[in-house]
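The structure appears right after this line, and notes come after that.
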Amino acid sequence: MPSLDGVTVVSIEQAVAAPFATRQLADLGARVIKVERPGSGDFARGYDTTVQGMSSHFVWINRGKESLALDIKDPDDAELLGKLIDRADVFVQNLAPGAAERAGFGADALRARNPRLITCQISGYGTEGPYRDKKAYDLLIQCEAGLLSITGSEEEPAKAGVSIADISAGMYAYSGILAALYEREATGAGTHVDVAMLDALGEWMGYPYYYANYGGTAPRRTGARHASISPYGPFRTGDGAEVFLAVQNDREWQALCTRVLGRPELASAPELATNSDRVRNQERVAEAVEASFADLTADGATTRLDAAGIANARLRTMAEFADHPQLAARNRWREVDTPQGPVRALLPPVTPGGVEPVMGPVPALGEHTDAIRAELAESPPCGASPAGSAGTGRAS
């Protein structure tokens with residue numbers, strides 16, 4: 001049985017952060033009902049048309065959900081949504097701060113009706129403070145959290161190539177909801193999970209914060225190399241390719257010098273003895289590595305690095321990643337249904353107990369509206385369990 005079998009999640013969600021969180025819950029077996037605007041739906045549906053006419057973002061983070069098209073400003077639709085939330089275990093929303101309360105779906109009001117309900121809000125900057133009402137998108141949070149200041153080349157900052165601020169917020173919402181479900185087993189009562197994108201990405205910025213705040217200078221932008229570890233990054237080989245390697249300690253540096261580079265004198269050079277020394281002399285380190293790699297192909301260099309126990313990688317394209325031999329050997333690919341036919345999808349990273357994740361179809365806009373309306377019309381209200389009573393963690 002999937003871990004979250006019997007748990008019902010209702011989510012007013014769009015874009016990436018909240019849908020990413022609820023997709024993880026769906027993969028673990030929760031019933032996730034996605035509330036979308038009639039006609040247009042989640043605006044991420046329109047980001048692109050690259051996946052057989054569908055949006056790559058939407059296909060990625062919305063499998064396994066039911067799509068319910070509602071206008072929450074319409075009194076009848078709002079009443080229906082309220083009935084649905086009264087029967088749910090979890091309610092997630094990433095509306096603008098205060099919007100849920102104005103629509104009658106504030107966390108306190110909902111839990112007053114359903115004391116076992118877990119509510120989760122994802123916002124850009126939190127529900128208080130001068131940035132409370134400021135619009136927030138992934139790139140903008142990357143800027144405000146300082147990520148762009150340390151990412152890119154010396155000449156120009158660069159954003160991360162994926163929606164890292166959204167993903168970090170979604171992961172904290174996901175783990176927070178799991179913790180709240182666990183807490184409810186002991187208390188019988190629901191609770192509120194509040195996640196701000198700035199807080200989530202700010203947590204991931206811990207190393208550069210400490211480095212800058214206590215070291216006096218921020219980490220430099222160094223492209224694919226590391227600002228505070230050396231050697232770490234790409235190095236050219238004799239066939240014009242690049243091999244990425246990472247040396248984490250002085251023992252590995254000595255192994256690199258003696259067993260890979262054939263330069264044992266570098267291992268004992270006082271100006272390269274410690275990682276801090278090597279960072280200060282990064283150009284000399286790079287010259288030494290690439291001089292030794294000049295007579296090697298990329299395959300020859302990786303073979304030698306592997307034999308010496310030095311971590312390394314090749315820069316793969318997305319097409320090469322899709323055909324990665326390690327993923328194939330571990331049978332990590334599955335097929336997921338969509339309104340336009342099946343697509344390949346990776347298994348989620350977490351599979352508790354080895355149970356096959358659900359990985360249900362990607363829904364068409366409003367695909368489940370009629371069925372959910374009929375379900376609510378036919379079934380009487382469940383009635384929430386009293387706060388403080390032990391529960392099963394399952395939906396009523």
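The values are calculated or read from the model by the stated rules, or taken from the named source; none is laboratory data. All values reported here derive from a predicted model rather than from experimental measurement. Cβ sites come from the backbone with ideal geometry, for glycine too, and all protein chains shown count toward neighbours.
Values computed for the structure shown
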| item | result |
| --- | --- |
| Any chance Leu140 is modelled with pLDDT of 95 or more, among the hydrophobic types (A, V, I, L, M, F, W, C), surrounded by fewer than 20 Cβ atoms within 10 Å (Cβ to Cβ) and outside any loop (DSSP other than H, G, I, E, B) | yes |
| The range 24-58, residues that are part of a helix (DSSP H, G or I) and either touching a Phe, Trp or Tyr at 6+ places or on another chain (Cβ under 8 Å) or surrounded by fewer than 22 Cβ atoms within 10 Å (Cβ to Cβ) (or both) | Gln24, Leu25, Phe43, Ala44, Arg45, Gly46, Ser56, His57, Phe58 |
| Residue, surrounded by the most Cβ atoms within 10 Å (Cβ to Cβ), within the range 233-255, restricted to residues that are within 29 Å of the chain's Cα centre (by Cα) and more than 18 Å from Ala291 (Cβ to Cβ) | Ala246 |
| Close pairs from the range 165-181: first in the same structural domain as Asp27 (by TED's automatic domain parsing) and closer than 10 Å to Ile122 by Cβ, partner aromatic (Phe, Trp, Tyr) and in a helix (DSSP H, G or I), Cβ under 9 Å, at least 6 apart | Asp166/Phe20; Ala169/Phe20; Gly170/Phe20; Ala173/Phe20 |
| Boolean, Gln14 is in contact (Cβ under 8 Å) with a residue 24 or more places away in the chain, of a type outside the set (Phe, Trp, Tyr) and over 22 Å from Pro357 (Cα atoms) | yes |
| The range 61-82, residues that are on the phi < 0 side of the Ramachandran plot and in contact (Cβ under 8 Å) with a residue 40 or more places away in the chain | Ile61, Asn62, Arg63, Lys65, Glu66, Ser67, Leu68, Ala69, Leu70, Ile72, Leu80, Leu81 |
| Filter pass, Gly46 being free of Cβ contacts under 8 Å to residues at least 40 places away in the same chain, assigned by TED's automatic domain parsing to the domain that holds Gly129 and within 17 Å of Val362 (Cα to Cα) | yes |
| Gly240 vs. criteria without any contact (Cβ under 8 Å) to a residue 24 or more places away in the chain, on the phi > 0 side of the Ramachandran plot and part of a strand (DSSP E or B) | no |
